[in-house]
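Take a look at the structure set out below.
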Amino acid sequence: MKLQSGKSRNDDVATITRMKIRKLLLEILDLLLKLSSTLLERAKKDKDVILIYRTHRRDAQISNLSHYWLAQLDSLIRNAERIIEAYKRCNLSPLGSSACAGTMFPIDKEFTARILAFDGILENSLDAVTSRDFIIDALHVAVSIMIDISRISEDLIYWSEKRIIELDDSHCSSSSIMPHKKNPDVLELLKAKAKEVISIHMAIIEILSSLPSGYNRELQRVKIDAVKGLNIVKESLDVIREVIFYLKPNKIVFLKLAKKSESIATDLAELLATELNVPFREAHKKVGSIFKVIDLENIENGIEKIVDSLGIKEKSVDFNELLMKRKSLGSPNLNEIDRLIKSREIMINTYKEILNDKMNKILKAMEEIKRIQHT
């Protein structure tokens, strides 16, 4: 009877749900930081791999693969911030709220919050058993992460098609009839998984939007779906990290495509403006008129004539030298790449310390509960 006094399944379920979601959030943060570290290592290795960025699915500007990995890292690391915010709102204890309006027994809600490693309590008992907004927060982060994973997957599928990267055989499949096929199945499935998590997020919002205050059985479904969605994120982070770790860029094909690309046009216009003091609008028009009639198949052979006709000092164009001329912060200039690598390494280590602190707090609390149970 003593164990039952002042207790309800409603606040028990709310408490257990918060403990489960916080655990999954920390596991996702751990995997996200491991993926970020892998991207950082790739950025260190792939500085000399020339890459064409695209906008509107057309060639846009020359860059390098290192800069690309750092861009994906930055997008993912913002999700680390979102996880910490979601964890803060999740890690509050509803225990002691009873069914919905408290109890006559002199319970200590702050004590139970401390021994369960919560950072605080939900003071209003009705809010404590009703609220599942922390699940919406967690699934919002999940969707954001899966959007990043889906975008990376789409990029890698395109590069694989163009043979500018080689995916590991373990992440592809062959055709049942076509001997030459090497299909990027894992990446295609990751894109599908992103849609699945988005659907779960929307389903939970729909369920919660139709509920009155207080505990309702629909909340059981919310927990099940939320756990499913967050586990999909965990699996996806682990898989995409492995894909990125094992893929091999083909530097020769990367460079060959760059030499046959219009993406050098912006650099030529900027060289006219910076070296010959041609107003950029005029330089833009002049270079644009050349590329309207240029034969892209023979652009590599004609590039020196183009440069000469424009009066630019360089008689041949080296892509790495062009990247070194980029002056803006965060550009693919190799000095900027090195600065960003050092900065992101510090950032990742900072988040790892935050993660370890939170995990250790929970671990110590659980060990203390076991100790009390055995005394």
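No value in this document is a laboratory result; all are computed from the given coordinates. What you are looking at is a predicted structure, and each value in this text was computed from that prediction instead of being measured. Neighbour counts run over all protein chains shown; Cβ positions are idealised from the backbone, glycine included.
Report the FRET efficiency, 1/(1 + (r/R0)^6), for D238 and A99, where r is their Cβ-Cβ distance and R0 is 30 Å, rounded to 0.05. Can you show the working numbers first?
Details: r = 40 Å, r/R0 = 1.34.
Efficiency, from the Cβ-Cβ distance: 0.15.
Straight-line reach from K285: which aspartates and glutamates have a Cα under 14 Å away, not including same-chain ones fewer than 8 places off?
Qualifying aspartates and glutamates at Cα under 14 Å: D267, E270.
Which part of the range 245-278 falls in the paramagnetic zone of K327, meaning amide N under 14 Å from the point 7 Å along Cα-to-beta-carbon?
The answer is 270-278, whose backbone nitrogens lie closer than 14 Å to the label point.
Ranking F105, F254 by Cβ neighbours within 10 Å, fewest first, what do you get?
Numbers: F105 10, F254 24.
Arranged by neighbour count, lowest to highest, F105, F254 become F105, F254.
What FRET efficiency would be calculated for the residue pair N349, S213, taking the C-beta separation as r and a Förster radius of 51 Å, to the nearest 0.05? Let's see the in-between values first.
Details: r = 43 Å, r/R0 = 0.85.
E between N349 and S213, to the nearest 0.05, is 0.70.
For the chain, modelled as a GNM with alpha-carbon contacts under 10 angstrom, which of A80, A128, A192 fluctuates the most?
The residue that fluctuates most here is A192.
How big is the dipole moment of the range 166-294 about its Cα centre under a simple scheme where the beta carbon of each Lys and Arg is +1, that of each Asp and Glu is -1, and everything else is neutral? Debye, nearest 20, please.
Working: 20 positive and 17 negative charges, 53 e Å.
So the dipole magnitude of the range 166-294 works out to roughly 260 debye.
Which one, T55, T38, L25, projects farthest toward the positive side of the charge dipole computed for the range 16-61 from Cβ point charges (K/R +1, D/E -1)?
Of the candidates, L25 comes out farthest on the positive side.
Check E166: other-chain or 5+ apart residues with amide H under 5 Å from its amide H, H built from backbone geometry?
K248, N250
Please give, to one decimal in nm, the separation of the simple spin-label points placed at I252 and H140, each 7 Å out from Cα toward the Cβ.
5.0
Quick one: which residues, 5+ away or cross-chain, put their amide H under 5 Å from the amide H of S8? H built at 1.01 Å from N.
So S8 has HN proximity to S98.
Per Stokes-Einstein, at 37 °C and 0.692 mPa s, what whole-number D in µm² s⁻¹ belongs to the chain, with the Kirkwood radius over Cα pairs as the hydrodynamic radius? Numbers along the way, then the final one.
On the way: Rh = 24.2 Å.
Value of D from the Cα-based Kirkwood radius: 135 µm²/s.
Could you give the size of the charge dipole of the chain about its Cα centre, using +1 on the Cβ of each K and R and -1 on the Cβ of each D and E, expressed in debye and rounded to the nearest 20?
Rounded to the nearest 20 debye, it is 480 debye.
Near L237, within a Cβ-to-Cβ distance under 11 Å, what is the net charge of the other residues, with Lys and Arg +1 and Asp and Glu -1? Before the final figure, lay out each step's value.
Details: positive: K34, K193, K234, R241; negative: E27, D30, D148, E235, D238, E242.
So the surrounding residues net to -2.
Of N335, S174, N64, which is farthest on the positive side of the dipole of the chain, counting Cα position, with +1 on Lys and Arg Cβ, -1 on Asp and Glu Cβ, and the Cα centre as origin?
S174
For D357 and E196, what is the calculated FRET efficiency with R₀ set at 41 Å and r taken between the beta-carbons, to the nearest 0.05? Please report the intermediate quantities before stating the final value.
Values: r = 32 Å, r/R0 = 0.78.
For D357 and E196, the calculated efficiency is 0.80.
Please check: in the Gaussian network model of the chain (C-alpha springs, under 10 Å), which one of S36, S125, S289 has the largest mean-square fluctuation.
In the Gaussian network model the winner is S289.
Given the pairs K181/K234; K20/K361; K88/K361; K44/K191; K260/K292, which are separated by over 18 angstrom at their Cα positions? Don't jump to the answer; show the numbers that get you there.
Working: K181/K234 29 Å; K20/K361 15 Å; K88/K361 14 Å; K44/K191 27 Å; K260/K292 14 Å.
As for pairs spanning more than 18 Å Cα to Cα, those are K181/K234; K44/K191.
Among T130, T55, T112, which comes first, then next, by fewest other beta-carbon atoms within 10 Å? Can you show the working numbers first?
Numbers: T130 23, T55 8, T112 15.
Lowest to highest Cβ neighbour count: T55, T112, T130.
Name the most mobile residue of T38, T17, T274, meaning the one with the largest mean-square fluctuation, in a Gaussian network model of the chain with Cα contacts below 10 Å.
Highest fluctuation of the listed residues: T274.
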